Amino acid sequence: MTGSSASVNPLRSLGSTVYVPAAIYGIGTGAAAPVLTLRALELGASVALAGLTVALVGLGQVVGDLRAGQVVARLGERRSVILASSIATAGALLCIVASTVLWLCGGILLVGLANSVWGLARQNYLSLAVPFEWRARAMSLFGGTMRLGFFVGPLLGAAAIWFLGVRGGFVVQLIAVVVAGILMARLPDPPGSGAQPQPHSLSTVFGEHVRLLATLGTGSLLLGVARSSREAVLPLWAHHLGASAGTASLIFGVGAALDVVCSYPAGHLMDRFGRTFVAIPSILVLALSYLLIPLTTSILAFTVVAIAMGVGNGFGNGVIMTLGADVAPPSGRAEFLAAWRLTHDAGFLLGPLSIAFVVAIAPLSAGIFVVSGMSAAGAGLLARYIPRYTREISSTP
């Protein structure tokens, strides 16, 4: 790519077809996230079981990742998004009408399944449509727009809760999923993608890239633990401190505000200084935040730590998607990215599961400390293996 072509911002043309719909989809996810555990508690679940409901989002994404690569390879990005949006719509509806914890769990699982296909289709599109020099900014901006939804979503969810009760967050999610799906369905598949009659199987991908996925992929998994656990920890600790559902949603939204602000600068820093420069501070801030949460005894102190978590999570926006695009092979790209996302999404399952398991036998604070330790371990793995696998790529002219 020439200097003149590189100076033209290729992200502007993607605003209405990628970034705006991503923000709207994020609004739905953000509106639902703080009320997952609260709705389960309302339906009679224990604290441990309520924490487990958040893990079902990760479980759905993990199960979806097993086939998401083949779905995108066969259907192409556009039709995959339509399919995923339809599944997410069904899941949100089920969460709204659920009268038992079991039905609520079914709806959450469906949304997780949809997230895997939806996210992979968009990541694959950006990895093909955006030049390497802009890749981290493209991915971080995509993650940032989703996080913008995570900021706006809890605020809209809090307003809906006042009128509809806890299930109001799911009503916002339903509307957002439908609107985002309609907008993204207008985007044509990029050159070099589209239907493939015989996509690679996931087992083939893991066999060809076992070393990378077992090392750098484990770091990705632990970053997933650090990110997903906050969706269980923040509402549960807010409940522990006696905060109402509306207050918990607002605290979640405040933390998400700085999450959004940090996203694009993080992508710029990655494009300029490399992936390690951003990834390691991000996960270390999350690890420290988890360490501090059990020490908070007031809503004010808790809010300060939630804001710190937002900063850490914000600077990690786009890191995993960018690394996946960096190391993905030209052949079987969608299938590889599905395997790569599986490592990260497994962390989204493992984090809340770890909390639920520990809380079942020990205080909530013990589960939070466990997540802090796992996050610190992830920082060590990423610091070791990101330079090893991206050194050659980051020097590409």
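The values are calculated or read from the model by the stated rules, or taken from the named source; none is laboratory data. Everything quoted here is computed from the prediction, not taken from an experiment. When we count neighbours, we look across all protein chains shown, and the Cβ atoms used for this are built from the backbone with ideal geometry, even at glycine.
Determine, yes or no, whether Arg135 is of a type in the set (Lys, Arg), touching a Ser or Thr at 6+ places or on another chain (Cβ under 9 Å) and part of a helix (DSSP H, G or I). The answer is yes for Arg135.
Here's the yes/no breakdown for (1) polar (S, T, N, Q); (2) over 15 Å from Ala379 (Cα atoms); (3) out of contact with any Pro (no Cβ under 7 Å at 6 or more places or on another chain):
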| position | (1), (2), (3) |
| --- | --- |
| Ile283 | no, no, yes |
| Leu286 | no, no, yes |
| Leu291 | no, no, yes |
| Phe302 | no, yes, yes |
| Ala306 | no, yes, yes |
| Asn313 | yes, no, yes |
| Asp326 | no, yes, yes |
| Phe336 | no, yes, no |
| Trp340 | no, yes, yes |
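Can we say Ala328 is in contact with a helix residue (DSSP H, G or I) (Cβ under 6 Å, 6 or more places away or on another chain) and over 22 Å from Gly149 (Cβ atoms)? Against the criterion (in contact with a helix residue (DSSP H, G or I) (Cβ under 6 Å, 6 or more places away or on another chain) and over 22 Å from Gly149 (Cβ atoms)), Ala328 qualifies. Among the residues of the stretch 10-56, those identified as under 21 Å from Phe142 (Cβ atoms) and modelled with pLDDT under 80 are Pro10, Leu11, Arg12, Ser13, Leu14, Gly15, Ser16, Thr17.
Based on this model, can you work out whether Arg147 counts as within 28 Å of Leu250 (Cβ to Cβ), surrounded by 24 or more Cβ atoms within 10 Å (Cβ to Cβ) and among the basic types (Lys, Arg)? Answer is yes for this residue. Please tell me if Asn317 is part of a loop (DSSP other than H, G, I, E, B) and buried (at least 21 other Cβ atoms within 10 Å of the Cβ). So Asn317 fits the description; yes.
For beta carbons closer than 9 Å, sequence separation of 6+ or different chains, a first residue in the stretch 375-387 that is within 17 Å of Arg227 (Cα to Cα) and a second that is charged (D, E, K, R) and at pLDDT below 95, the qualifying pairs are Leu382/Arg275. Of the helices (runs of 4 or more DSSP H) that lie entirely inside the stretch 16-104, those containing 2 or more residues that are free of Cβ contacts under 8 Å to residues at least 40 places away in the same chain span 77-97. Out of Gly380, Gly312, one residue alone is over 17 Å from the mean Cα position of the chain (by Cα) and either over 22 Å from Thr215 (Cα atoms) or not acidic (Asp, Glu) (or both). It is Gly380.
Can you work out which of the residues in the stretch 184-211 that are assigned to a helix (DSSP H, G or I) and surrounded by fewer than 19 Cβ atoms within 10 Å (Cβ to Cβ) is modelled with the highest pLDDT? The residue in question is Arg211.
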